[in-house]
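Below: the structure, in structure tokens.
What follows draws every value from the coordinates through simple rules; no lab data is involved. This structure is a prediction, so every number in the text was calculated from the model and none was measured. Note that each Cβ is placed from the backbone with ideal geometry, even for glycine, and that neighbours are counted across all protein chains shown.
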Amino acid sequence: MKLNPKVFLLALVVALVSFGGWAGGLAESFTQTVTLAVFAGVISTTLFFWERRVAAAFIGVAILIATHAMTLQSILRATELDIIFFLVGMMIIVGVLKDLGFLTWVIQSIINRKNMNGVSFTAILCVLSAVLASVVDEVSSIVVVLALVFQVCDTLKLRPHPFVLIAVMATNIGSSATMLGNPVGIFIGNKAGLTFAQFLVGATPVALISLIATLFLTIVWFRKDIRSMTLAMARHRRMGLGPVLKIPYKTGLVILLATVSVIAFHHQIEHALALGGVANKNAFLIMTPLIVAGILMIWRPHRARHYVEKDVEWWTLLFFMLLFAIAGSLNEQGITQNLADSLTEHVSGGPKGMIPLVLLIASLGSAFVDNIVFVAAFTPVIQALVDRSADYSVLWWALLFGACFGGNITVVGSTANIVASGLLEKHGHHPIKFGVWIKLGAIVGLVTALIAWAMLLIFPSPRPASVTDPEPAPVVEELPSLNG
């Protein structure tokens, strides 16, 4: 019986990380070394044995409890249930939108456009991918957008691969624009204490400029395919690009707009309901998807069980919970504090000097492993730095953009990429080769990372209220002297 070479590689990575942590001063005790080894083992499993990541996380959590690296109570505290609840609610809402035909209506609206050519279709594809990814999750967005791509390309007898790549890259960029597009967004926003409005102000301009740059890059890169689409559209103009269906979309549109509107004003609502303070940070932001999902399931009771069982990605959410707990063990054992000390000691330039480092680490990490993995790992380090000085809060944004934009580099860089590859195969096409993807992905990843770096240096990033407006020190009145 032959052992998979990846097993030896995984063991080597765990050994090197453990030894490196001990030699570098990050792990000074047996418990800290075990914690670092468990974390490295789970991360490596997601890289080498993706389908076994949940099993590895289960075993990792058990080892942490058995070796007293964490208690059961600290594990439960670190699972970030508030973020899990938010994602559950949003997944149910997206399931209802699909049921109501809203996402199908979006496709029909594009197909019915007149005088469209290859360039305008590419521009619409980019904008649609980014906008949908910013208001629903990136997976639902890419499924809808690729349905449009396949319908148009099948009608015109064109290869869909270039337009699949364009859609995926725009999706990953758009997912960084709001807290709703990517689990990374809600995780970072909640950890940093940012409101939905603050997140929009800090993330949307960078995502918009990056999207424009990506659009121009892809138009130049795929100019021959886009020219072929223009010629094919001219031949098929009378026939149309697909069947025109009348879809009742208004109910779904109202639900989506109402949900996003309430989330946008969650900070004001929290003040009105006196839900302030650290204990209730972003409470209404987390509650809104649950409230809306609950109302929708009451409205459609015959589909409620389907939404919960089929539209909620329980496998993924369970992995997130376990991963957050394992990442929390690094903080619990003081490893992240040691890493923060090392960074401030060896990286010159202060917070601005660390921006390119965080962008680089997050981009390269997200290129090969799901971005939430690296975000969960690096968040405690940034939190430790922010606790020292509010100036380090700019690194939250560097982590966000590095994680989302770095997902464009390889075919396994994000969940949207993997879903897109699967849909290509399901539709009867060969998947995009790793080498083909990385040629364009590396350029897009580099350009968008440079844009993020420049904008973070030039424009001040929003900070949470607790950082921006510290409470004034209490005034102590001087008492009169007893000696007169």
Modelled label-to-label distance, residue 113 and residue 29, 7 Å Cα→beta-carbon offset: nm?
6.0 nm
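Could you line up 307, 249 from fewest to most neighbouring Cβ atoms inside 10 Å?
Details: 307 21, 249 18.
The order, fewest Cβ neighbours first, is 249, 307.
Could you tell me which of rounded, prolate or oblate describes the range 1-69, using a ≥ b ≥ c as the square roots of the eigenvalues of the alpha-carbon gyration tensor, with rounded for a/c under 1.5 and, failing that, prolate when a/b is larger than b/c and oblate otherwise? All intermediate terms of the calculation are to be shown ahead of the outcome.
Working: a/c = 2.40, a/b = 1.40, b/c = 1.72.
Judged from the Cα gyration tensor, the range 1-69 comes out oblate (a/c at least 1.5, b/c at or above a/b).
Multiply the residue separation of residue 231 and residue 443 by 0.36 nm, subtract the distance between their alpha-carbon atoms, and state the gained length in nm to one decimal. It would help to have the intermediate numbers written out before the result.
Values: separation 212, 0.36 × 212 = 76.32 nm, distance 2.80 nm.
Residue separation times 0.36 nm, minus the Cα-Cα distance, leaves 73.5 nm.
Could you work out the relative contact order of the chain? I mean the mean sequence separation of Cα pairs under 8 Å and 6+ apart, divided by the number of residues, in percent.
Numbers: 660 pairs, mean separation 101.7, N = 484.
In percent, rounded to a whole number, it is 21.
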When the chain is fully extended, how far beyond the present Cα-Cα distance does residue 341 get from residue 209, taking 0.36 nm per residue of separation?
44.1 nm
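Mind checking the dipole of the range 17-116: about its Cα centre, +1 per Lys or Arg Cβ, -1 per Asp or Glu Cβ, Debye to the nearest 20? Don't skip to the end; give the middle numbers.
On the way: 6 positive and 5 negative charges, 93 e Å.
With only Lys, Arg, Asp and Glu charged at Cβ, the dipole is about 440 debye.
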Looking at 96, 21, 334, which one has the Cα that reaches farthest to the positive end of the dipole of the chain (charges on Cβ: Lys, Arg +1; Asp, Glu -1)?
96
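Using packing as a proxy for protection, rank 261-268, 332-339, 400-407 so that the peptide with the highest average count of other Cβ atoms within 10 Å comes first.
400-407, 332-339, 261-268
Taking neighbour counts of Cβ atoms within 10 Å as a proxy for exposure, in what order, fewest first, do 229, 169 appear? Numbers along the way, then the final one.
On the way: 229 23, 169 32.
Ranking 229, 169 by Cβ neighbours within 10 Å, fewest first, gives 229, 169.
Apply 1/(1 + (r/R0)^6) to the Cβ-Cβ distance of residue 62 and residue 15, taking R0 = 35 Å, and write down the FRET efficiency to the nearest 0.05. Numbers along the way, then the final one.
Values: r = 21 Å, r/R0 = 0.59.
Efficiency, from the Cβ-Cβ distance: 0.95.
About the Cα centre of the range 81-308, how large is the charge dipole given +1 on each Lys and Arg Cβ and -1 on each Asp and Glu Cβ? Please answer in debye to the nearest 20. Don't jump to the answer; show the numbers that get you there.
Working: 18 positive and 7 negative charges, 211 e Å.
Using only the charged Cβ atoms, the result is roughly 1020 debye.
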What does the charge dipole of the chain about its Cα centre add up to, to the nearest 20 debye, if the Cβ of each Lys and Arg holds +1 and the Cβ of each Asp and Glu holds -1?
2700 debye
Spin-label proximity, residue 299 to the range 97-112 - amide N less than 18 Å from point 7 Å beyond Cα toward beta carbon:
97-106
Aspartates and glutamates near residue 224 by alpha-carbon distance under 18 Å, same-chain residues fewer than 8 away left out - which ones?
154
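Distance check, please: which entries in 6/310; 157/250; 191/310; 157/439; 191/426; 191/352 exceed 27 angstrom between their Cα atoms? Write down the numbers at each step before the final one.
Numbers: 6/310 33 Å; 157/250 33 Å; 191/310 29 Å; 157/439 25 Å; 191/426 38 Å; 191/352 20 Å.
Beyond 27 Å: 6/310; 157/250; 191/310; 191/426.
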Taking the dipole of the chain about the Cα centre (Lys, Arg +1; Asp, Glu -1; charges at Cβ), the one of 152, 105, 134 that reaches farthest to the positive side is 152
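For the chain, just say rounded, prolate or oblate: build the C-alpha gyration tensor, square-root its eigenvalues into a ≥ b ≥ c, call rounded for a/c under 1.5, and beyond that prolate if a/b exceeds b/c, oblate if not. All intermediate terms of the calculation are to be shown ahead of the outcome.
Numbers: a/c = 1.70, a/b = 1.41, b/c = 1.21.
Because a/c hits 1.5 or more and a/b exceeds b/c, the chain counts as prolate.
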Packing-based ranking, highest mean first, of 413-421, 53-61 given that Cβ atoms within 10 Å are counted
413-421, 53-61
The residues 299, 221, 437, sorted from fewest to most surrounding Cβ atoms within 10 Å, come out as 299, 221, 437
